[in-house]
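**Student:** I'd like to ask some things about the structure below.
The values are calculated or read from the model by the stated rules, or taken from the named source; none is laboratory data. Predicted, not measured: the structure shown is a model, and the values here were computed from it. So basically every Cβ, Gly included, is an ideal-geometry build from the backbone, and we count neighbours across all protein chains shown.
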Amino acid sequence: MFRAVLYTQWKSSRPVLLLAMLVAGYIPVQTLRSMPYKSADTYHIPSLYYGITTASTYYQLLALATAAVVAIASWQADAARQHVYALSLPLPRWRFVLLRFGAGAALLGTVAAAVGLFGGVAAALAPLPPMLHAYPVGLAIRFWLGALVPFALIFALLASNPRIVRILVTAGVTLVAVDMMLAAVGVIESPVIMTWMAEAIYASNGPLAAFLSKWMLVDV
Amino acid sequence: MSNAISLKHVAYRPSKEFAIRDLTMAVPTGAIYGFLGPNGSGKTTTIKLILGMQEADDGLIEVLGHQIPQGAPQALARIGYVPEKAHLYASLTVGEMMDHHRAFYGTWDAARAENLRRQFALRTEQKVERLSKGEAGKLMMLLALATQPELLVLDEPTDGLDPVVRRDVLSALVEYVSTRNATVLVSSHLVHEQERVCDWVGVMDDGALIAEMPMNTFRSGIKRLRVSGAPPVLPAAPFTLLGRTATAGTEEEWGVRGWQPDMAAWVTAQGATLREVIDLDLEESFVELLSTARSGGTL
């Protein structure tokens with residue numbers, strides 16, 4: 001069953017996944033190629049650090065984008081037919097949802113594997129300065145776990161009852177709009193809800209905390 | 001006689017405009033049950049309730065001995081379902097769709113699937129999204145039959161198909177049912193088509209089941225009488241008078257249910273003359289029932 005579900009998701013999201021893998025290959029190659037040194041003995045630390053941290057941002061953006069697309073693709077085929085086929089299958093709904101989630105997580109794993117593979121190859125080909133090491137496997141795991149969080153959030157939202165999602169989104173947008181209006185007319189000093197949301201999301205134990213740290217291919 | 005499907009006092013309101021009201025219905029095991037009704041009468045909604053796709057607000061639904069929706073997965077493993085609209089994954093090919101479906105059914109009969117694929121002239125490499133309506137209908141029937149179901153639930157399976165495809169689909173269905181003795185619930189608004197294959201009939205209108213009986217009773221029991229000189233008020237009749245329509249002069253047409261030839265004496269006893277007893281085909285009977293139900297008459 002899992003193979004069958006995985007295959008349908010692979011077929012519907014294949015172009016995006018292949019593109020994500022290509023980008024995963026391009027990021028380390030481009031980063032290490034543009035380093036202002038010719039060999040491991042001649043390097044410029046600030047430029048090297050800048051290049052690697054920029055690549056970290058690219059990895060994070062790639063993880064977010066891939067997670068969003070894979071989550072949407074997980075339900076797209078079912079949603080297009082009002083979930084009739086899925087609901088007619090002889091298995092409990094929770095189990096089907098779990099199969100879809102597992103397949104999405106596995107597909108994110110292929111992009112994470114590409115991140116690790118291409119990162120490892122690029123680092124092996126680039127002359128790294130002494131004391132610096134490449135961590136392609138660590139980066140791949142971080143990429144996969146990091147991508148799983150937004151994937152799970154979007155997946156859950158799309159798996160929910162559309163009416164509940166509409167109510168939640170409408171309530172959220174209304175609250176934020178009122179908050180911003182109150183701040184704009186000076187009733188409150190700054191948008192309270194927006195600040196609270198940002199703090200909750202990016203707190204060290206928040207759902208997107210992984211995106212606050214650097215995703216370094218090369219580190220000490 | 002046991003029932004493959006049993007609904008008792010089921011109520012469901014999916015929207016403000018439409019509701020299923022106090023629906024009690026029974027599909028006997030082994031029957032080919034024609035589920036008739038005009039578009040929007042609630043046939044598809046009832047089918048979705050039967051399959052556990054939607055949850056009733058009230059009442060009891062039992063399918064193949066399983067309570068629905070709690071036992072829906074166990075029941076669905078023994079049901080072949082062909083929905084009203086194509087529900088297949090567009091990105092897959094015919095072969096991939098068959099493999100995908102097989103993964104969920106331990107009862108999948110690969111040989112039957114392959115035979116049906118050849119019989120329906122479907123190519124494994126054809127993309128589902130490029131299938132014509134007829135090809136998609138045939139693929140859905142193939143998937144339903146290859147799981148060797150004890151119960152087939154077909155929602156307008158031939159709607160919009162050309163006569164050749166319709167014949168192919170129906171003959172595959174009849175061949176399967178005759179060899180497996182499966183129960184079939186087939187919904188349609190194409191009344192003449194039901195007449196050929198069904199042995200039970202249920203008529204749905206505006207969210208309620210207005211009649212349910214063996215096809216023979218339905219077909220032979222509803223007649224149109226041409227009567228003249230009948231009094232305006234009639235005493236209780238030995239048949240069900242569905243409706244009275246004045247035609248010319250003192251002549252009237254009566255729609256009746258449960259008519260027997262010896263009841264002509266009762267008509268004469270009312271001072272009326274029975275001029276003609278007209279046999280109705282299924283479609284005319286269906287229309288007679290619907291118009292009676294809509295005018296609030298006794299069914």
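**Student:** What is the one condition in (1) of a type outside the set (Val, Ile, Thr); (2) farther than 30 Å from B:Asp57 by Cβ; (3) in contact with a helix residue (DSSP H, G or I) (Cβ under 9 Å, 6 or more places away or on another chain) that B:Met204 does not satisfy?
**Tutor:** The one condition B:Met204 does not meet is (2).
Listed here are the residues, each with its yes/no results for (1) at pLDDT 80 or above; (2) surrounded by 12 or more Cβ atoms within 10 Å (Cβ to Cβ).
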| position | (1), (2) |
| --- | --- |
| B:Leu241 | yes, yes |
| B:Ala246 | yes, no |
| B:Glu252 | yes, yes |
| B:Asp262 | yes, no |
| B:Leu274 | yes, yes |
| B:Val277 | yes, yes |
| B:Leu282 | no, yes |
| B:Phe286 | no, yes |
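**Student:** Identify the residue in segment B:22-43 that is touching a Lys or Arg at 6+ places or on another chain (Cβ under 6 Å) and closer than 18 Å to B:Arg219 by Cα and, among all such residues, is modelled with the highest pLDDT.
**Tutor:** Ranking the qualifying residues of segment B:22-43, first place goes to B:Phe35.
**Student:** Which members of segment B:99-123 meet the condition of being polar (S, T, N, Q) and within 23 Å of A:Ala86 (Cβ to Cβ)?
**Tutor:** So in segment B:99-123, the residues polar (S, T, N, Q) come out as B:107, B:115, B:119.
Hit for segment B:99-123 is B:Thr107, nothing else.
**Student:** Quick one: what pairs do we get from segment A:72-88, first residue more than 8 Å from chain B (Cβ to nearest Cβ), second among the aromatic types (Phe, Trp, Tyr) and crowded, with 20+ Cβ neighbours inside 10 Å, C-beta under 8 Å, 6+ apart or different chains?
**Tutor:** Partner pairs satisfying both residue conditions: A:Ser74/A:Phe155; A:Trp75/A:Phe155; A:Asp78/A:Tyr85; A:Ala86/A:Phe96.
**Student:** Separate question: Within segment A:100-215, which helices (runs of 4 or more DSSP H) (wholly inside it) include 3 or more residues that are β-branched (Val, Ile, Thr) and at pLDDT below 90? Working first, answer last.
**Tutor:** Working: elements: A:136-159, A:162-184, A:192-202.
Helices (runs of 4 or more DSSP H) meeting the threshold: A:162-184, A:192-202.
**Student:** Go through segment A:193-212 and report how many residues are exposed (fewer than 13 other Cβ atoms within 10 Å of the Cβ) and touching a residue at least 12 places away in the same chain (Cβ under 8 Å).
**Tutor:** Selection size over segment A:193-212: 0.
**Student:** Oh, and also: Would a scan of segment A:195-215 turn up a residue that is closer than 30 Å to A:Pro127 by Cβ and of a type in the set (Phe, Trp, Tyr)?
**Tutor:** Within segment A:195-215, one or more residues are closer than 30 Å to A:Pro127 by Cβ and of a type in the set (Phe, Trp, Tyr).
**Student:** Moving on. Does segment B:87-105 contain at least one residue that is under 19 Å from B:Thr46 (Cβ atoms), of a type outside the set (Lys, Arg) and touching a residue at least 12 places away in the same chain (Cβ under 8 Å)?
**Tutor:** Applying the first criterion (under 19 Å from B:Thr46 (Cβ atoms)) to segment B:87-105 yields B:87.
When the remaining residues are screened for being of a type outside the set (Lys, Arg), the result is B:87.
Keeping just the survivors that are touching a residue at least 12 places away in the same chain (Cβ under 8 Å) gives B:87.
Checked against the condition, which is being under 19 Å from B:Thr46 (Cβ atoms), of a type outside the set (Lys, Arg) and touching a residue at least 12 places away in the same chain (Cβ under 8 Å), segment B:87-105 yields at least one hit.
**Student:** Another question, then. Looking only at segment A:37-49, decide whether some residue is in a helix (DSSP H, G or I), modelled with pLDDT of 90 or more and more than 30 Å from B:Leu88 (Cβ to Cβ). Spell out the reasoning first.
**Tutor:** Just the residues of segment A:37-49 that are in a helix (DSSP H, G or I), to begin with: A:45-49.
Add one more test, that the residue is modelled with pLDDT of 90 or more, and what stays is none.
So far as segment A:37-49 goes, no, none of its residues is in a helix (DSSP H, G or I), modelled with pLDDT of 90 or more and more than 30 Å from B:Leu88 (Cβ to Cβ).
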